[in-house]
Amino acid sequence: MTRKELLKELTSHIVPRDHAGDDARQLLTHVLNISHADLLAHDDEDVSSFQKSRSIRMAKARSRNTPMAYILRSRSFFGRQFAVNDHSLIPRPETEIMVEEAVALCNDSSMFIDVGVGSGAIAVTLNLETNRPIIGTDISKRALKIAKKNARKLEAQVSLHEGSLLEPIWPNELKRHERVIITANLPYLSEDMWNTSPDEVKNYEPKIALVSDASDGLDLYRELLMQINSRREELPKDLFVLLEIDPRQNDLIEPMLDEVAPGISFEIKNDLAGKPRVVILTF
Ligand SMILES: C[S@@+](CC[C@H](N)C(=O)[O-])C[C@H]1O[C@@H](n2cnc3c(N)ncnc32)[C@H](O)[C@@H]1O
């Protein structure tokens, strides 16, 4: 069987049909370990029976709505490939805006803290883009394992700690730099938001990585800000905190900040789709 014939067969396996051709091409180039250009230029070459059975197995998984990132065990973020597993959230393109904003705030005396590192997409990217030190924390051992793997593979220097939010970070680690930039893409969906998420998310991604207990979904951000308040003296004066939100939470931010950080200066930046996505707090 030729590459072209297999591509046709893979496309026919993938239902629903939206993006079936793109998904099939991505699966085939992954299995053959070639580029799209190579596939186009040499589509009359034969495939092995192993390549055929492996790619058909993947196409069948895709037709059951398994996200492409879990089938390929990898997702691109900020132009780099990150390994993902069933215990880590798939890095989202909308999160790239938080990285861009954090990089723009960075100077030669900055350090970063990324709370809830997950696959390490934010932490690894910040280190590679700025060469500044970064500490990442997560309560999930399994997420930390994949973050460590990504940091090693992409040759990033990220210091990883297990624990809740800022708790595992020692006071002397916080004081060492003149500016600290904290990034947080923590679970922020309410149960209602989770219930209306696409099946691809609900059936495959870890709920624990996405949903917060509070009715507005913002409890972990409240807790983070309260931890910052109680450790304010250990942190430098020059402090920024970036929080990723769901666009539906836009109007809930100000009341939440009035509760836990009254009077703080903040702005909300839109993502590439023009939707409110990142809250930037300036202390
Ligand atoms: C929405 S995922 C985001 C992962 C990653 N930051 C990204 O953008 O791809 C949230 C992560 O926060 C972690 N998490 C949840 N509660 C936490 C807590 N109290 N302290 C630290 N990490 C937490 C979860 O284990 C999960 O890895």
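The values are calculated or read from the model by the stated rules, or taken from the named source; none is laboratory data. Fair warning: this is a prediction, and the values are worked out from it, not measured in the lab. Cβ: placed from backbone, ideal geometry, glycine included. Neighbour counts: every protein chain shown.
Data overview
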quantity	calculated
Count - residues of region 220-255 that are in contact with a helix residue (DSSP H, G or I) (Cβ under 8 Å, 6 or more places away or on another chain), among the aliphatic types (A, V, I, L, M) and surrounded by 18 or more Cβ atoms within 10 Å (Cβ to Cβ)	6
Contacts under 9 angstrom Cβ, first residue in region 256-276 being within 20 Å of residue 223 (Cβ to Cβ), partner surrounded by fewer than 13 Cβ atoms within 10 Å (Cβ to Cβ), 6 or more apart	257/263; 260/229; 261/229; 264/282; 266/254; 266/282
First in region 154-168 and modelled with pLDDT of 95 or more, second anywhere and more than 14 Å from the ligand (Cβ to nearest atom) and part of a loop (DSSP other than H, G, I, E, B), Cβ under 8 Å, 6 or more apart	157/133; 159/133; 166/231
Residue 230 of a type in the set (S, T, N, Q) and in contact (Cβ under 8 Å) with a residue 12 or more places away in the chain	no
Evaluation of residue 209 against (1) surrounded by fewer than 21 Cβ atoms within 10 Å (Cβ to Cβ); (2) within 20 Å of residue 134 (Cα to Cα); (3) within 11 Å of the ligand (Cβ to nearest atom) (one fails), failing number	(2)
Lone qualifier among 107, 131, 172, 150 - being of a type outside the set (Gly, Ala, Ser) and farther than 22 Å from residue 239 by Cα	150
Close pairs from region 100-115: first outside any loop (DSSP other than H, G, I, E, B), partner acidic (Asp, Glu), Cβ under 7 Å, at least 6 apart	103/129
Top-ranked residue in region 108-126 [being more than 11 Å from the ligand (Cβ to nearest atom) and either modelled with pLDDT under 95 or charged (D, E, K, R) (or both); ranked as surrounded by the fewest Cβ atoms within 10 Å (Cβ to Cβ)]	108
From the options 209, 184, residue that is modelled with pLDDT of 95 or more and of a type in the set (Gly, Ala, Ser)	184
Within region 132-171, tally of residues that are within 15 Å of the chain's Cα centre (by Cα) and part of a strand (DSSP E or B)	3
Filter pass, residue 122 being among the β-branched types (Val, Ile, Thr) and assigned to a loop (DSSP other than H, G, I, E, B)	no
